[in-house]
1. If the requirement is being surrounded by 14 or more Cβ atoms within 10 Å (Cβ to Cβ) and of a type in the set (V, I, T), which of these qualifies: T48, T21, T52?
2. Select from the range 1-58 the residues that are of a type in the set (D, E, K, R) and assigned to a helix (DSSP H, G or I) and write down the one among them that is nearest to Y69 (Cα to Cα).
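Just so it is clear, none of the values below were taken in a lab; they were calculated from the coordinates. All values derive from a computational prediction rather than experimental measurement. Cβ coordinates were reconstructed from backbone atoms using ideal geometry, including for glycine residues, and neighbour counts include every protein chain displayed.
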Amino acid sequence: MPDTMRNVLDQIVAYRLGAVTVLLVAAFLEAYGDSCFQGGLYRSSGMTRFFTMLVGAVSLAAYGLVVNYPAGTSADSWEST
C-alpha cells in the first residue's frame, strides 16, 4: 500500500478506539473467512463451492493484511536487523 495509506492507518491506531476498531474488523474478517471457507468445503458443491471458498480465502487474506499492516515492516527495517 502507498505511504499515504500507512499514514492513515497509523493515525487510526494511534487512538484506543481506532485500535479496537481495527481489531474488531480483523476478528470479523477472520470469523467470516473461516465460516465461508468451511461452508464451501463441507456444505457446497460445484461452482458454489468454488465461489464460497474464494470469498473465504479473500476474507482471510484481508484479515492478514488488517492484522499485520498497521504494525508493518518497511523495507528499511529489514536492513537494520
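1. Answer to the check: T52.
2. Looking at the filtered set, the residue picked out is R6.
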